Amino acid sequence: MSSTPDNRILTSAIETYRQYAGQPTLADIESCRQDSNDEILHLTPYFSTMDLVKLEDLVYTRSFTYSLKSKQLLFTSNVTPVNKTIVRRLASPNGKYLALVTKESKGEQELQYVQIWHDEHLIFGYEVNDAKISPHGKILPKNDYASFFEWSSDSRRLVFAAEEKRKPLKSYFTAEKLDDIGEPASTYRENWGEQMETFETSVICVFDLETKQVKLIENQPKDLYFGQCTWTTNPDELILVAFRLQPYRLGLIYCENRSSALFKCNWRQNEWTQLTEFDKICRLFPRHLPKTDNQFVYLQADVNRAHKQCQRLILFNTQTKQEEILIDRIDNVEYANQNTPPFAAEWDTQFKGIYLPLVLRCYSSDGRYLLIRSTSGSRNVLYVYDFTEKKLIPIESPLGVNTSVNGLAIFGHYIAVNVVDCRTPYRLYVFDLKTLNSAEKDKNGWYLIVEHEFKKEERSKIEWNLDRFFPDKENLPVESIYVYQRETEAKRPLMVLVHGGPNSIVPLDYYVGVVAYISLGFDVLIVNYRGSIGFGQNSIDKLLGNISKTDVQDCHDAIRRCLDYTQPNRPVILIGGSHAGVIIGRLIGEYPDDYAVAVLRNPVMDLLHTYITSDIPDWALAQSVNSDFDFETGRNRFFDLSLTSYLIERSSIHLLDKVKTPVLFQLGKKDRRVPWSIGLRYYESLKAKNVPTKLYVYDSNHALSEVSSASDCFVNTVLFIHEHLKLGA
């Protein structure tokens, strides 16, 4: 068979994606500790890569032993893949114990097994279905909002969230006794929506290493769901975050604006104490101080409004129930220079607020420092809060401001850190907190443990510049990262990545898709419009009631600035998902001659449809008309004709008759955030108008993040672009 241009393009897309998808990224860290002499570090990070043969994510660990004295890596282990049957895996703080939960399918039934290891010895284990030992159902998988699996600081107890134990489901007609029937299989069970369908009920259990027993904590309030937990300095006490189950649940993932309350629980006495009310505050990520009784910190945001906000760091006293704001929300950020030429902006280093969760191992061993990860403009940054000096201290990147710093954990007086940029998947560093003290300030506290070894010729190809401008003469910036190939005279199409959310961000980081697209002949523009996190609360609030206006104009202006700075007449491709459907759909409708191709993944094309069918109807109200959601009127505000008319008017589908840009759709059939029928209706309308369009449907959710879906989306995107731009192979 002779090779055709299409075959060459297909082969190039497959091989390019295979090359970059196979590069490992640093995902998390399992354990990190220093020896008694504080001379040797032992670290075991989690790495992630893609297996394009099995079409699945591949997670593995590697262990590193590092000499602080000689600043040399003494030992590197081989790769240890993490088995797909593992539901939970957690090493104890002292490194001596490992808790493991695995799953196994037998016929149509999925069984779970719990194991506790001490060094190489299995010291305890049970099957979750064993009624003699197990008081709970399946242990819940990892989730930031709705499950936990935590060792106590002394490594003697393990607390975890599990499903409530249920009777096996039997038919009315096959059960031997009426008592055996249990709840019918057809009964609808509420859950937490998009990507959280398995989280229906939660009971809290504690495994005690001394007694080798699993205890179900009794008297748990039945109308609440406990989704986050932290141990206190009292080995019998826990602090938990509760969400209400009534009258019904809204989607929880990516939604850090749900009303929640804090509880204290004595698990031995089965005593529950409510510490705060369910009010207009969202309380998340509690972390108890390691050396101080009755005090913990948590992150606080307002209920309703944007789903992601600038958060307050709160210190809570469980005896007095008094709260102290350690770090307040940042509303407005002042910028010294608002008139920089396109793509000549410098990275701004000032503190702009807290936007990211607290990591689990967030305290130094002496309790003085708290690790705080955040976003400052378009890069991830790192701070520690000093309880002694009562101040926030930046931990600057050892490689300067043209990188992002991702904090993984504190162990002892060291921070494990991943330093990344657009061309480097990972650099594992350790930072010594002792160098923050005045006597040690002259010392360089950074130690490079290991970094990804990309080919030098590959790394030198990619460059990036930052642009920042201020629309409407306001102090609220739009930032863009232009990622391109150095020293090329060719006219390369501009691919514009528009993020969803809208209250999220695409920070400076390594992205498989970005480096692969650049290798295939595209330049990439990442736009963080007003409403993105990392720029203060006022920037987030700017978009409330203004979507499909402010965000659309910001992206169009950012693209024009990039074209004027580079090559004005090259073709522009728009790519984005979720809320990006609002923006891209309006762009191709308002500027039909400006954009060559649009690629949409699970897009919001119809705000009224989204309000009616999404698991987060409050999103449509907040972002479109800056209105709060209440459960009584719920999705039934059709009596308000001005609301329904406005939702239709501001939807992308309202401009459908003006669209002539070829549009590729990639939709997930399991999407509950933006149900796939929304994109399907728009696709059908384009077909009826004879606008070039194509639709791919995946057995996936809103994220389309499975390797099988993500890899297929990438190749189909490249083929669709080449088909309509007539690019050479």
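Looking only at strands (runs of 3 or more DSSP E) that fall completely inside the range 38-141, which ones have 1 or more residues that are among the hydroxyl-bearing types (Ser, Thr, Tyr) and in contact (Cβ under 8 Å) with a residue 12 or more places away in the chain? Steps first, please.
Working: elements: 40-51, 56-61, 64-67, 72-76, 86-91, 97-106, 109-118, 121-127.
The qualifying strands (runs of 3 or more DSSP E) are 40-51, 56-61, 64-67, 72-76, 97-106, 109-118, 121-127.
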*Hey, could you check the range 622-672 for residues that are at pLDDT 95 or above and acidic (Asp, Glu) and say which is surrounded by the fewest Cβ atoms within 10 Å (Cβ to Cβ)?*
Asp657
*Mind listing whichever residues of the range 27-53 are acidic (Asp, Glu) and over 20 Å from Asn406 (Cβ atoms)?*
Asp35, Asp38, Glu39, Asp51
_Of everything in the range 394-434, what is of a type in the set (A, V, I, L, M, F, W, C), assigned to a loop (DSSP other than H, G, I, E, B) and closer than 28 Å to Pro93 by Cα? Give them in sequence order._
Ile395
*Considering Glu30, Glu15, Glu56, Glu39, which residue is under 28 Å from Gly445 (Cα atoms) and exposed (fewer than 14 other Cβ atoms within 10 Å of the Cβ)?*
Glu39
_Scan of the range 573-606 for residues that are touching a strand residue (DSSP E or B) at 6+ places or on another chain (Cβ under 8 Å) and over 14 Å from Gly500 (Cβ atoms), ordered by number_ = Ile573, Leu587, Ile588, Asp594, Tyr595, Ala596, Val597, Ala598
*Tell me which residues, restricted to the range 114-129, are within 32 Å of the chain's Cα centre (by Cα) and β-branched (Val, Ile, Thr).*
Val114, Ile116, Val128
*Scan the range 250-271 residue by residue and report those that are among the small types (Gly, Ala, Ser) and out of contact with any Ser or Thr (no Cβ under 9 Å at 6 or more places or on another chain).*
Ser259
*Of all residues in the range 189-216, which are crowded, with 18+ Cβ neighbours inside 10 Å and aliphatic (A, V, I, L, M)?*
Met196, Val203, Ile204, Val206, Leu209, Val214
_If I ask for residues that are surrounded by fewer than 17 Cβ atoms within 10 Å (Cβ to Cβ), within 25 Å of Ser31 (Cα to Cα) and not charged (D, E, K, R), which ones from the range 142-169 would you list?_
Ser155
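Considering every residue within the range 379-386, establish whether at least one is assigned to a strand (DSSP E or B), closer than 17 Å to Leu289 by Cβ and hydrophobic (A, V, I, L, M, F, W, C).
We begin by selecting, within the range 379-386, every residue assigned to a strand (DSSP E or B); these are 379-386.
Add one more test, that the residue is closer than 17 Å to Leu289 by Cβ, and what stays is 384-386.
Subsequent filtering for residues that are hydrophobic (A, V, I, L, M, F, W, C) retains 384.
Yes.
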*Scan (1) closer than 24 Å to Glu150 by Cα; (2) polar (S, T, N, Q); (3) surrounded by fewer than 14 Cβ atoms within 10 Å (Cβ to Cβ) for the single condition Thr76 breaks and write down its number.*
(1)
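Name the single residue, out of those in the range 142-179 being in a loop (DSSP other than H, G, I, E, B) and small (Gly, Ala, Ser), that is nearest to Leu238 (Cα to Cα).
Step one: list which residues in the range 142-179 are in a loop (DSSP other than H, G, I, E, B), which gives 142-148, 152-156, 163-177.
Next cut, small (Gly, Ala, Ser) only: 146-147, 152-153, 155, 171, 175.
Values: Ala146: 16, Ser147: 14, Ser152: 10, Ser153: 12, Ser155: 15, Ser171: 40, Ala175: 41 Å.
Ranking the candidates gives Ser152 first.
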_Residue under question is Ser134, and the condition is that it be buried (at least 17 other Cβ atoms within 10 Å of the Cβ) and either at positive phi or within 32 Å of the chain's Cα centre (by Cα) (or both); does it hold?_
no
*Pick out, from the range 471-590, the helices (runs of 4 or more DSSP H) lying fully within it that include 2 or more residues that are touching a residue at least 60 places away in the same chain (Cβ under 8 Å) and among the small types (Gly, Ala, Ser).*
512-519, 580-590
_Filter result (at pLDDT below 90, part of a loop (DSSP other than H, G, I, E, B) and not small (Gly, Ala, Ser)) within the range 1-37_ = Met1, Thr4, Asp35, Asn37
*Just name the residue that is nearest to Val333 (Cα to Cα) out of those in the range 465-521 that are surrounded by fewer than 18 Cβ atoms within 10 Å (Cβ to Cβ) and among the acidic types (Asp, Glu).*
Glu474
_Let me confirm something: among Ser652, Ser614, which residue is within 21 Å of Gly545 (Cβ to Cβ), under 25 Å from the mean Cα position of the chain (by Cα) and assigned by TED's automatic domain parsing to the domain that holds Phe720?_
Ser614
*Taking the range 191-220, which residues are within 23 Å of the chain's Cα centre (by Cα) and among the acidic types (Asp, Glu)?*
Glu194, Glu197, Glu200
*Among the numbered criteria (1) at pLDDT 95 or above; (2) in the same structural domain as Cys205 (by TED's automatic domain parsing), which single criterion is violated by Ile133?*
(1)
*Would it be correct to say that Arg601 is part of a strand (DSSP E or B), touching a residue at least 60 places away in the same chain (Cβ under 8 Å) and either on the phi < 0 side of the Ramachandran plot or under 23 Å from the mean Cα position of the chain (by Cα) (or both)?*
yes
*Out of (1) over 30 Å from the mean Cα position of the chain (by Cα); (2) closer than 24 Å to Gln220 by Cα; (3) of a type in the set (Ser, Thr, Tyr), what's the single condition that is false for Ser147?*
(1)
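Criterion first (among the acidic types (Asp, Glu) and under 27 Å from Leu448 (Cβ atoms)) does Glu56 satisfy it? I'd like the intermediate steps shown before the answer.
Details: among the acidic types (Asp, Glu): yes; under 27 Å from Leu448 (Cβ atoms): no.
Against the criterion (among the acidic types (Asp, Glu) and under 27 Å from Leu448 (Cβ atoms)), Glu56 does not qualify.
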_Hey, Pro357 in contact with a Gly (Cβ under 6 Å, 6 or more places away or on another chain) and either surrounded by fewer than 22 Cβ atoms within 10 Å (Cβ to Cβ) or of a type in the set (A, V, I, L, M) (or both) or not_ = no
*Out of all the residues in the range 398-420, which are in contact with a strand residue (DSSP E or B) (Cβ under 7 Å, 6 or more places away or on another chain) and either within 22 Å of Arg486 (Cα to Cα) or in the same structural domain as Lys461 (by TED's automatic domain parsing) (or both)?*
Leu399, Asn402, Thr403, Ser404, Val420
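The values are calculated or read from the model by the stated rules, or taken from the named source; none is laboratory data. Only a predicted model underlies this, so the values are computations on that prediction, with no experimental measurement involved. No Cβ is skipped: glycine too gets one built from the backbone with ideal geometry, and neighbour counts run over all protein chains shown.
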